[in-house]
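Bear in mind these aren't lab numbers, they're just calculated from the coordinates by the rules spelled out. Since this is a predicted model, take the numbers as computed values, not measurements. Neighbour counts run over all protein chains shown; Cβ positions are idealised from the backbone, glycine included.
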Amino acid sequence: MIFASRLPFLIYGYGLDGDSWSVAISAKHLFSTGEYVPSRLPGYPVHEFLCALVSPFGYIGMNLISAIFTTIAVTTFALILRSLRFKSIFLAATTFSFVPVIFIHSTTTIDYNIALAFIMLAMFFMIRDKLFVAGCFVALAIGTRLTSGAMLLPLSIMLLRNDGFNGNIKRIAKMAIPAVIGGVLFYIPLMSKYGLGFFTYYEVPYPAIPKVLYKLSIEVWGTIGILGIFISTILFFFLTIFRKTNFCFQDRSMKNM
C-alpha cells in the first residue's frame, strides 16, 4: 500500500531540490564513463551508485529507488515496533510513511529516505543482537549520507546494559567497528581525489538557529502535525497520571507475536 501510493508521483521529474538534479548528473556521468564525480561534497556514494545503476531509466528509475527504500524504511519501522511489543503497529507505520517530508522525498531523487532505511535496518538488527549486521547497515547509511554516522551515539546508548563496563564496550565495538570501517571505505574514492578536504562541503554558511528549528519541526510535520503532536503528548502524560493502562506497549509478560 505504501509503495503503491508513491507510484503516481514518480513521473514528474527529479524534484524541485537542486541537489536531486546534481545526483542525476553524477549518476549519468558514472554510468556512461565509469568515473565517479560526487554530485556535491562531501559525496553521497551509495545513493549516487544506486542511481547510476538505473540511470538509463531516467528520473522514473531514480525516483523508484527512493520509493523502494521508503517502503523498506516503513516496513522495518513496523518490525521494530513489533519487536518492542508496540500496540498500534499499522497506525504508527502508516502515519510515519505519510509524514509530509517522508512522502515528498520518497518520490524524488534524493538520499534522505535511503539513509533512513539503512538506519532503520541497523536498529532492527541491533534490537535482535545482530550487532555486526547492524554495524554494516550503519556503514551503508554513512555511505549514503555522511551525517548518518551521528546515529552511532543513540544506538550505542541503547546497547547499554547492567553487566558492567567491559560488556557494554564489547557490544558497542561489535557494531561501531564495522560501521566506521565500512563508512570510511565508501569515501576512499573521495579522499583519494580531494584528501580530507571533502569534509568541507561548499563554502556556505550554516543556517541560523531559527531556520534549523523550523526545518526540524514545521517543515517536517507541518502545522497540523505539530499541533497534533503537542496535543497528543499532553493527553498521553495526562491520562498516564490518572490511569494505569499502558497505552502504547503490550505487557512484557505476553509472548512474542
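Mind checking which of 143, 164, 222 has the largest fluctuation in a GNM of the chain, springs on alpha carbons under 10 Å?
Most flexible of the set in this elastic network: 164.
Among all stretches of the chain without exposed chymotrypsin sites (Phe, Trp or Tyr not before Pro) (DSSP loop, at most 14 other Cβ atoms within 10 Å), which one is longest? Walk me through the intermediate numbers first.
Details: sites that count: 12, 98, 201, 202, 247.
It works out to 99-200.
Counting only trypsin sites (Lys or Arg not before Pro) that sit in a DSSP loop (anything but H, G, I, E, B) with at most 10 other Cβ atoms within 10 Å, what is the longest stretch of the chain containing none of them? All intermediate terms of the calculation are to be shown ahead of the outcome.
On the way: sites that count: 161, 243, 244, 252, 255.
Formally, the longest exposed-site-free interval is 1-160.
Find the Cα radius of gyration of region 1-54, compare it with 2.2 N^0.38 Å by division, and give the number to two decimals. Numbers along the way, then the final one.
Values: Rg = 12.5 Å, N = 54, 2.2 N^0.38 = 10.0 Å.
So region 1-54 has a normalised radius of gyration of 1.25.
Name the most mobile residue of 169, 177, 104, meaning the one with the largest mean-square fluctuation, in a Gaussian network model of the chain with Cα contacts below 10 Å.
169
Hey, got the dipole for region 2-204? About the Cα centre, +1 on K and R Cβ, -1 on D and E Cβ, debye to the nearest 20? Intermediate results must be reported in sequence, preceding the final value.
Numbers: 14 positive and 8 negative charges, 159 e Å.
With Lys and Arg at +1 and Asp and Glu at -1, about 760 debye.
Scaled to the compact-protein estimate 2.2 N^0.38 Å, what is the alpha-carbon radius of gyration of the chain, rounded to two decimal places?
In units of the globular-protein estimate, the chain measures up at 1.11.
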